[in-house]
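First up is the structure itself, then whatever we jot down about it.
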Amino acid sequence: MYGCHGKLLRVDLSNSKVNEEEIPESMHRKYLGGAGLATRYLWDEVPKGAAPLGPENKLIFMAGSLTGVVAPSTGRFSIVAKSPQTGIWGQANSGGRWGVDFKRCGYDGIIFEGASSKPVYLVVEDNKAELKDASHLWGKNVPETTGLLKDELGEKFNVACIGQAGENLVKYAAVMNDLGRAAGRCGLGAVMGSKNLKAIAVRGSIKTPVSNPEELKVHSKKQYELMDEAMLKMAMQAFGTTVVLDLVSVRGGFPTRNWQSGVFEYSDDINGPAISDNILTKNITCFACPIECGRGTEISKGKYAGHKGEGPEYETVGTFGGMCFINDLEAITMAGYLCNDYGIDTISAGNTIAFAMECYEKGILTDSDTGGIAINFGDPDVIVDLVHLIARREGVGDLLAEGTMRMSQKLGQDSEDFAMHVKGLELPAYDSRAVQMTGLTYATANRGGDHITAYVQGPTFVDAPFLMIEDSEIKDPFVADPSEVKVAVDLEDMLTTFDCVGACKFMGLCLNADDWVKLVNLVTGWDFDTAEYKQAGERVYNLARAFSNREGLTAEGDTLPKRLLEEPLPDGPAEGHVNELSILLDKYYQLRGWDEQTGKPTAEKLRELSLDDIAAEIWS
Amino acid sequence: MEVVVKPYLFLRQVFGVNKVVLDLPEEANVQELLQVLRCDYGMPEKLNVADGQLIFMDGYKPVGLTILVNGYNIKQLQGLYTTLNDGAVISLFPPAAGG
């Protein structure tokens, strides 16, 4: 077997047992490793109706076939579990170095099952693993936990862990690695906290066997050279992911005041150049990545001067900035640092706070609910204060820690209409009324309201074509054109493979599909052609969907917040637009081969993807 | 008529400013606007007006600019022949992706 070690760790937290287990080669190829393979284990092992924060749920870490090889931007890993935010398939993905360091221990993944009666952490080193007491780490934040473990085990150990937010079961708690990198979405940090698992410390020296190392070296070099010529790389290197803010803003799609507008007049104060000019100290790079989009920053003025850390990313600026109507870059950066330290997803946190601000504005949330805190749009101190309260579940933070959907269910008074989530996952910082296809992909993304499942913003908001699929052209983003739905489906399938093989989706913007598939083949020894490789992505996409269907997801869940469907944008280039979802969704179901009533993949589609056993179960 | 040109990201370094207000003849189009920019605003040799390409830096291939008029991509309008209105805001972007 190439590109993997063919074995994983099974950690029974209830009984403090750690075992090794083989992964059959056929499984690896069929589900491409990483998120795909983890999803198969989730389907097989987590029973229908399992409580997401109960011992029946499993937390599955999985590296991909490319994780740690010489090819560009291939240091990523995925975590899969049933999500406490959405109650369906949950997946989060992260870069940095941790995935590589873990894989060098000689394993492809870890399945955590049960729950420990006391705090523990797992230490993994060259073909061995051991659970240890973590009582002294409980209550510590991410930098403290990381530091203590390095002191204890050695500087070379790399740490993935939760902060206080995960311990306190904040619904959108993240699993953090390399201090500032987040497997952020779907609240998987809360799943880790529910199992009393504080951290995984790894150090390894075992190389992954590669099928054709010589040719891989040559081919990888070519890919790096292509990347070097790519302007996209240069722009992201200079300005980080926030490089897109101006493009989104100029099109009138930058969610402002909890999506009450798509135009944020102060965008110059918080955009990519503002970050570079005011707080950037160095670029931070993930393993083997020529882009270096990460921001090493330090706040040099104002009340947070002296604090340093990683970020903010575009999404942090978009949610804490535009959505909360804040143009104070230092406060946004500080809120982002705190999310990293406590282990919180910044998208869900910023979105939830913006929702609370609108509730407060409308009198739905009152001073008696907030303990006297005025949660006003535009108040920079409030976002920082609220992150503390959320992580500790103190005061009104206990309510906000539940996320936008649950808050709106509790508060009622029509607040559901402007609760900006899909399936319980808070939406990121692109207003889909300014790009119709983005609305479709929010409604259909397997993990809920997510932008990176299809990243259709590439060919729409930011005008960057995807070379990974045959045709990514969207002629007019303002028009809901069913003939372009194939772009969304193709992107979902192709980008799913990136979460499986352990590579960064930004490569999909710069490199072409045939070259990419060749790379995968050179590592794994497989003989995929591009169509077959993409079909493996489709298989995983449908498998994840089937998991969610088994948990009760129907076609009804594939929708958008009422605000996007019924309230036209009031200003900017997209003025007057709402999301015309149904016309796109009909075509989507047809292309996907999904049943319109139940929202399930048809038995025929599942059999076409060699998922006969899945078909038998969900159609029984 | 007056139009406002807003260069973004690297283009701000090329222009040296964040915003240019230009006086153009009535019904001028994007191509004519680029011609004026090329002659008057420090973009000699760097802007190939004919096809809206930007020759960015030594060693880099020419790349397409993204040009938006009032928030609409000119690809959705009439391309370089898109007519400008009085008060039009023209946004110029180098290729970018992220988020």
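Calculate, for B:Lys19 and A:Gln590, the FRET efficiency according to 1/(1 + (r/R0)^6) with r their C-beta to C-beta distance and R0 41 Å; round to the nearest 0.05.
Once the sixth-power term is evaluated, E becomes 0.30.
Can you tell me the length gained on complete extension of the stretch A:Asp44 to A:Glu214, counting 0.36 nm per residue apart and subtracting the Cα distance?
Between A:Asp44 and A:Glu214, full extension yields 57.4 nm more.
For chain A, with the dipole built from +1 on Lys and Arg beta-carbon atoms and -1 on Asp and Glu ones, taken about the Cα centre, which of A:Gly90, A:Ile353, A:Tyr588 lies farthest toward the positive end?
Final value for the positive-end residue is A:Gly90.
Would you be so kind as to list the residues of the stretch B:76-99 that have their accessible area lowered by at least 30 Å² in the full protein complex compared with their chain by itself (1.4 Å probe)?
For the stretch B:76-99, once contacts with the other chains are taken into account, B:Gln76, B:Phe93, B:Pro95, B:Ala96, B:Ala97, B:Gly98, B:Gly99 lose 30 Å² or more.
Are there residues in the stretch B:7-23 whose accessible area shrinks by at least 20 Å² when all protein chains are included rather than the chain by itself, and which are they (probe 1.4 Å, ligands and nucleic acids not counted)?
B:Tyr8, B:Leu9, B:Phe10, B:Arg12
How much accessible area per residue does the stretch A:418-467 have, in Å², with a 1.4 Å probe?
On a per-residue basis, the stretch A:418-467 sits at 9 Å².
Please give the per residue accessible area of the stretch A:1-131, computed with a probe of 1.4 Å over protein heavy atoms only, in Å².
For the stretch A:1-131, the per-residue accessible area is 28 Å².
List the lysines whose alpha-carbon lies under 25 Å from that of B:Lys6, not counting same-chain residues fewer than 8 positions away?
Result set, ordered by chain and number: A:Lys233, A:Lys475, B:Lys19, B:Lys46, B:Lys61, B:Lys75.
In nanometres, what is the gap between the two model label sites at A:Lys486 and A:Ser300, each 7 Å from Cα along Cα-to-Cβ?
Output for this residue pair reads 5.2 nm.
Compute the distance from the alpha-carbon center of the stretch A:204-228 to that of the stretch A:246-303, in whole Å.
Spelled out, the Cα-based centre of one part sits 32 Å from the other.
Reachable aspartates and glutamates from A:Lys48, Cα under 13 Å, same-chain residues fewer than 8 places away excluded?
Reachable aspartates and glutamates: A:Glu56, A:Glu551, A:Glu617.
In percent, what relative contact order does chain A have, based on Cα pairs under 8 Å that are 6 or more apart in sequence?
Contact order relative to length: 15 percent.
Could you tell me which residue out of A:Leu37, A:Trp516, A:Ser267 lies farthest along the dipole of chain A toward its positive end? Charges go on the beta carbon: Lys and Arg +1, Asp and Glu -1, centred on the Cα centre.
A:Leu37
Got a sec? Which residues of the stretch A:231-272 lose 30 Å² or more of accessible surface with every protein chain in place, vs. that chain alone, 1.4 Å probe?
Correct list: A:Met231, A:Leu232, A:Met234, A:Ala235, A:Phe239, A:Val243, A:Asp246, A:Leu247, A:Val250, A:Arg251, A:Asp268.
Please report the spacing between the Cα centers of the stretch B:75-99 and the stretch A:514-580 in Å, no decimals.
When both Cα centres are located, 29 Å separates them.
Given a 1.4 Å probe and heavy atoms of the protein chains only, how would you sort A:His307, A:His5, largest accessible area at the top?
The residues order as A:His307, A:His5, largest area first.
How big is the accessible area of A:Met405 in square angstrom, nearest 10, if you roll a 1.4 angstrom probe over the protein chains?
40 Å²
Report the A-B buried area as the accessible area lost on both sides summed, probe 1.4 Å, in Å² to the nearest 100.
2600 Å²
Go through A:Lys30/A:Lys534; A:Lys171/A:Lys600; A:Lys282/A:Lys308; A:Lys217/A:Lys518 and tell me which ones have a Cα-Cα distance over 19 Å in this structure.
Cα-Cα > 19 Å for A:Lys171/A:Lys600; rest within.
What does the extension gain come out to for A:Ala115 and A:Glu604, with contour length at 0.36 nm per residue minus their alpha carbon separation?
My answer for the length gained is 172.2 nm.
Rounded to the nearest Å, what's the spacing between the alpha carbon centres of the stretch A:68-110 and the stretch A:142-183? Just the number, please.
That distance is 15 Å.
Would you please put B:18-24, A:481-487, A:130-136 in order of how densely packed they are, using the mean number of other Cβ atoms within 10 angstrom per residue and starting with the highest?
Ranked by mean Cβ neighbours within 10 Å, highest first: A:481-487, A:130-136, B:18-24.
Taking 0.36 nm per residue of separation and subtracting the Cα-Cα distance, what length does fully extending A:Lys17 through A:Glu556 add?
Using 0.36 nm per residue and subtracting the Cα-Cα distance, I get 189.9 nm.
Quick check for me: using +1 on Lys/Arg Cβ and -1 on Asp/Glu Cβ, what's the dipole size of the stretch A:7-203 about its Cα centre, in debye to the nearest 20?
Magnitude of the dipole: close to 460 debye.
At 222 nm, what helix-only mean residue ellipticity would chain A give, in deg cm²/dmol to the nearest 500, using -39500 (n - 2.57) for each DSSP H run of four or more?
Value at 222 nm, helices only: -11000 deg cm²/dmol.
Accessible area of A:Lys7, 1.4 Å probe, to the nearest 10 Å²?
40 Å²
Placing +1 at every Lys and Arg Cβ and -1 at every Asp and Glu Cβ, with all other atoms neutral, what dipole size does the protein assembly as shown have around its Cα centre, in debye to the nearest 20?
2060 debye
Would you please state which residues of the stretch A:227-244 a label at A:Asn512 would reach in this model, taking the label point 7 Å out along Cα→Cβ and a backbone N cut-off of under 14 Å?
Under cut-off, by backbone N: A:227.
Count the net charge of all other residues whose Cβ sits under 10 Å from the Cβ of A:Phe102, scoring Lys and Arg as +1 and Asp and Glu as -1.
+2
If B:Phe93, B:Phe15 are ordered by their accessible area, calculated over protein heavy atoms with a 1.4 Å probe, which sequence runs from highest to lowest?
The ordering from most to least exposed comes out as B:Phe15, B:Phe93.
Summarise the accessible area of chain A (1.4 Å probe, protein heavy atoms) by the percent that is carbon and sulfur.
Its accessible area is 47 percent carbon and sulfur atoms.
Rounding to the nearest 20 debye, state how big the charge dipole of the stretch A:240-426 is about its Cα centre with +1 on each Lys and Arg Cβ and -1 on each Asp and Glu Cβ.
300 debye
Considering Cα pairs under 8 angstrom that are at least six residues apart, work out the relative contact order of the stretch A:240-426 and quote it in whole percent.
Result for the stretch A:240-426 is 18 percent.
The values are calculated or read from the model by the stated rules, or taken from the named source; none is laboratory data. On a predicted model such as this, the values are computed, not experimentally measured, just so you know. Backbone-built Cβ (ideal geometry, glycine too); neighbour counts: all protein chains shown. Heads up: the accessible areas ignore ligands, DNA and RNA and are worked out on the full protein's heavy atoms, side chains in. Shrake-Rupley method; radii C 1.70, N 1.55, O 1.52, S 1.80 Å.
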